[in-house]
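Remarks on the structure that follows.
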Amino acid sequence: MTTFESILIAWLAMAMVMASLWLVQRVTRNAGIVDVAWSFGTALSAVWLLLYADGDVTRRWIVGGMVGLWGARLGWHLATRMTREPEDGRYQQMRQRWGDHEQWKLFGFFQIQAAWAVLFAIPMLAAGMNTREPMAWFDVAAIAVWLVSITGTTVSDWQLSRFKSRDNSSGKVCRVGLWQYSRHPNYFFEWVGWWAYLLLAVGSSWWWVAALGPAVMLFFLLKVTGIPPTEARALESRGDAYRDYQRTTSAFFPLPPKQSDHDEQHTTETGVRAS
């Protein structure tokens, strides 16, 4: 099977899965299931593509293990959140904005996510296409970067979930742990992980494809599906407390916080995808 054929099959499979889940959200009225499917689907698509890659077998196992654990963690986290909370505000706003055309536009949105799941799996495939002998220092560095990423996302999600479980957390903003240094540490460490696939692709003619991973993910997190809608909802629900958080805390890259305009410490939920 050629690389193009394996990509085409992955896309068709994801398109069918997303069509089925679109029917599910019509019943449940919770479109957040698309984020869960994107996480698991991207990982499964990548593993499928790696089966037919021409790269070194050991490296393909390394990439497959990274991808599988990444997708399982993110998918499980989003699935747990979806079952415990109402539909994400992004999707509620979509329903209101689209009105009578809501369902057909949601169908299109689900299909776009199917395509993106496969497209985001391609930088992972690029790492698996590398025929260079392992384990060079690039491979060791990639594993280290991936471990930093998975640890950072896990810890930041846990800190936020722990904060939200407190009785007095409503309407407040979280400067606990990693959230003291970045308003979106989960997004930052998610982005860090995509550099691991670029390092694994060093020496391959596909390296430039792997480089698209962190570049495109950074654009989406900073400009599209990550920070902009998350912060818009946070401002609506937390007002001045979140504005103060914006003034004192870096939006993305972890940096020392600035002096707050208020004496009391505030705490917040910021936190997607997609993953």
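When each of Asp35, Asp56 is tested for being acidic (Asp, Glu) and surrounded by fewer than 23 Cβ atoms within 10 Å (Cβ to Cβ), the lone residue that passes is Asp56. Contact map, the range 3-32: first residue within 23 Å of Met94 (Cβ to Cβ), second residue among the hydroxyl-bearing types (Ser, Thr, Tyr), Cβ cut-off under 6 Å, separation 6 or more or different chains; pairs are Ala31/Tyr91. Here Met1 passes the criteria (1) of a type in the set (A, V, I, L, M); (2) under 27 Å from Thr225 (Cα atoms); (3) surrounded by fewer than 17 Cβ atoms within 10 Å (Cβ to Cβ) except the one numbered (2). Scanning the range 98-107 for residues that are touching a helix residue (DSSP H, G or I) at 6+ places or on another chain (Cβ under 9 Å) and either closer than 14 Å to Trp22 by Cα or surrounded by fewer than 11 Cβ atoms within 10 Å (Cβ to Cβ) (or both) gives Glu102, Gln103, Trp104, Lys105, Leu106, Phe107.
This table checks each residue for (1) β-branched (Val, Ile, Thr); (2) closer than 23 Å to Ser149 by Cβ.
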position	(1), (2)
Thr3	yes, no
Met18	no, no
Asn30	no, no
Ser39	no, yes
Leu44	no, yes
Tyr91	no, no
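For Thr42, state whether it is surrounded by fewer than 21 Cβ atoms within 10 Å (Cβ to Cβ) and polar (S, T, N, Q). So Thr42 fails the test.
Of all residues in the range 186-206, those being over 12 Å from the mean Cα position of the chain (by Cα) and over 18 Å from Trp61 (Cα atoms) number 1.
Somewhere in the range 63-86, is a residue more than 30 Å from Lys164 (Cα to Cα), of a type outside the set (Lys, Arg) and surrounded by 15 or more Cβ atoms within 10 Å (Cβ to Cβ)? Yes, some residue in the range 63-86 is more than 30 Å from Lys164 (Cα to Cα), of a type outside the set (Lys, Arg) and surrounded by 15 or more Cβ atoms within 10 Å (Cβ to Cβ).
Every read-out reported here was derived from the displayed coordinates using simple, explicitly stated rules and does not represent laboratory data. Predicted, not measured: the structure shown is a model, and the values here were computed from it. Heads up, the Cβs are rebuilt from the backbone with ideal geometry, glycines too, and the neighbour counts pull from every protein chain shown.
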